[in-house]
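Quick notes on the structure that follows.
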Amino acid sequence: MFKPLNSLPIVAVVVVGLSGCAHSHAASVSDATQTNPQLQIVKSIASTKQSRKDSAGAKSAYLLTYFKDETHSLYFATSRDGYTWTDVNGGKPVLSGYGIAEQHGIRDPHIIRGADGVFYLTMTDLDIYGQRDGYRTTEWERAGDKYGWGNNLNLIFMKSYDLIHWTHAEVTISKLFADYADAGCTWAPQTITDPDNGRMMVYFTTRHGDGPNFMVWSYANKNFTSLVTDPKQILYYPDAKVNTIDADITKIGDTYHMFYVAHDNPGNIHEALSHDINKGYVAERKKVDPEPKAAEAPNLWHRFGTNTYVLMYDVFGADPHNMGFAETTDFKTFKNIGRFNDPDSPMRATNFSGPKHGAVMPITPAEASEIESYFATRQ
């Protein structure tokens, strides 16, 4: 039975919305914010002496962001070697999706350090179990026959200098851009600095109504609270009827490598290359990941001090869900090194399981220690 939100015991989580006004999201007493330490949502941020000190030096450690279907919340894990990973909050959310999303849940977290040294965190505002959990009376936020599976309205933008204090904004594409007034979804936002102008480029998956999914890009404003340029399609697949989702862009040398998912039965990881950040990508109908099960949410990261890159992906075809990994040095061959905690895999998750759609960012050992200490001292 549907339980009205106003019947729940609540606390207020104050966030900065798109309009710059404060919005209050109700959270149930059983929500993670009540019993576990959380990241802090603040109205404004500034660089501090400590954050500048922590960011100095080699980025030889790693931060993994991920979410879980069970909670639709945000998680962090750290690693010193890129093989063994430990959740900083003991396998509990570092930020509950309930209080920061209109649908009371988040998916697809991505994190990056911009060229300005600031951390940018983006997420999908979507809880696919909202009806089951009593957050809405319908299966989806809007009619499924018109807007499709998993339809949603908002992207979530967050910004930080220290990985602990974050600004927050909900960005509604259908209200910002007339050409996307009928947007059926806004999924899997990611960011990258455009070196030509220093602006943060956001790219994400969308569709018109219940049409095929495709990927677009737009520039964010300086405060990272909105998008300010009309979204433009960033990749054209040979068959426009095939759903393309989950782009991940990394510049290596003078080439941009886009890994993405094409749902050519089943969904698998593909690669497209360009010398321009937001155009010129050539799509080929070729699977590049060595994972035998269906996979999505590719994310490329570099092993510090080596010429090896790791392609990470969400193996949604596996039961239970898990992250899979492949290594490459030439982007022609991708060596399968297994999934977290597989008997023959070097990839270990020490205190968590079931991670979905994540991203890895290089950080300094001091930054890793700071975020670990923040949660360890608040248990």
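Is it the case, given these coordinates, that E367 is in contact with a helix residue (DSSP H, G or I) (Cβ under 6 Å, 6 or more places away or on another chain) and either farther than 26 Å from W187 by Cα or of a type in the set (K, R) (or both)?
Taking the combined requirement at face value, the residue satisfies it.
For the stretch 66-95, give me the residue count where each residue is in contact with a Gly (Cβ under 9 Å, 6 or more places away or on another chain) and of a type in the set (K, R).
Number of matching residues: 1.
Which count do you get for residues in the stretch 320-370 that are touching a residue at least 60 places away in the same chain (Cβ under 8 Å) and in a strand (DSSP E or B)?
11
In the stretch 227-238, which residue that is assigned to a loop (DSSP other than H, G, I, E, B) and without any contact (Cβ under 8 Å) to a residue 24 or more places away in the chain is nearest to D264 (Cα to Cα)?
Per the criteria, the residue is T229.
Would you say D330 is among the acidic types (D, E) and either more than 19 Å from Y260 (Cα to Cα) or touching a His at 6+ places or on another chain (Cβ under 7 Å) (or both)?
Against the criterion (among the acidic types (D, E) and either more than 19 Å from Y260 (Cα to Cα) or touching a His at 6+ places or on another chain (Cβ under 7 Å) (or both)), D330 does not qualify.
Check A115, A169, A220 and return the single one that is small (G, A, S), in contact (Cβ under 8 Å) with a residue 12 or more places away in the chain, crowded, with 21+ Cβ neighbours inside 10 Å and more than 24 Å from T71 (Cβ to Cβ).
A220
Do you know which of the residues in the stretch 127-140 that are of a type outside the set (S, T, Y) and more than 20 Å from P212 (Cβ to Cβ) is surrounded by the most Cβ atoms within 10 Å (Cβ to Cβ)?
Per the stated criteria, the residue is D127.
So which residues in the stretch 305-364 are surrounded by 13 or more Cβ atoms within 10 Å (Cβ to Cβ), small (G, A, S) and modelled with pLDDT of 95 or more, if there are any at all?
G324, A326, G338, S345, A349, S353, G354, G358, A359
Among residues belonging to the stretch 180-225 that are among the aromatic types (F, W, Y) and part of a strand (DSSP E or B), point out the one that is farthest from I41 (Cα to Cα).
Ranking the qualifying residues of the stretch 180-225, first place goes to F214.
So, in the stretch 271-282, of the ones that are without any contact (Cβ under 8 Å) to a residue 24 or more places away in the chain and part of a strand (DSSP E or B), which residue ends up surrounded by the most Cβ atoms within 10 Å (Cβ to Cβ)?
S274
Starting from residues that are among the hydrophobic types (A, V, I, L, M, F, W, C) and in a strand (DSSP E or B), keep the ones in the stretch 283-319 and report whichever is farthest from the chain's Cα centre (by Cα).
Step by step, filter the stretch 283-319, then rank; the result is V310.
Just to verify a result, which residue in the stretch 56-109, among those that are in a loop (DSSP other than H, G, I, E, B) and of a type in the set (S, T, N, Q), is surrounded by the fewest Cβ atoms within 10 Å (Cβ to Cβ)?
Ranking the candidates gives S60 first.
Which of the following residues is modelled with pLDDT of 95 or more, farther than 15 Å from M361 by Cα and exposed (fewer than 14 other Cβ atoms within 10 Å of the Cβ): K43, K3, K53?
K43
The values are calculated or read from the model by the stated rules, or taken from the named source; none is laboratory data. Being a predicted model, the structure only gives us computed values, none of them experimental. When we count neighbours, we look across all protein chains shown, and the Cβ atoms used for this are built from the backbone with ideal geometry, even at glycine.
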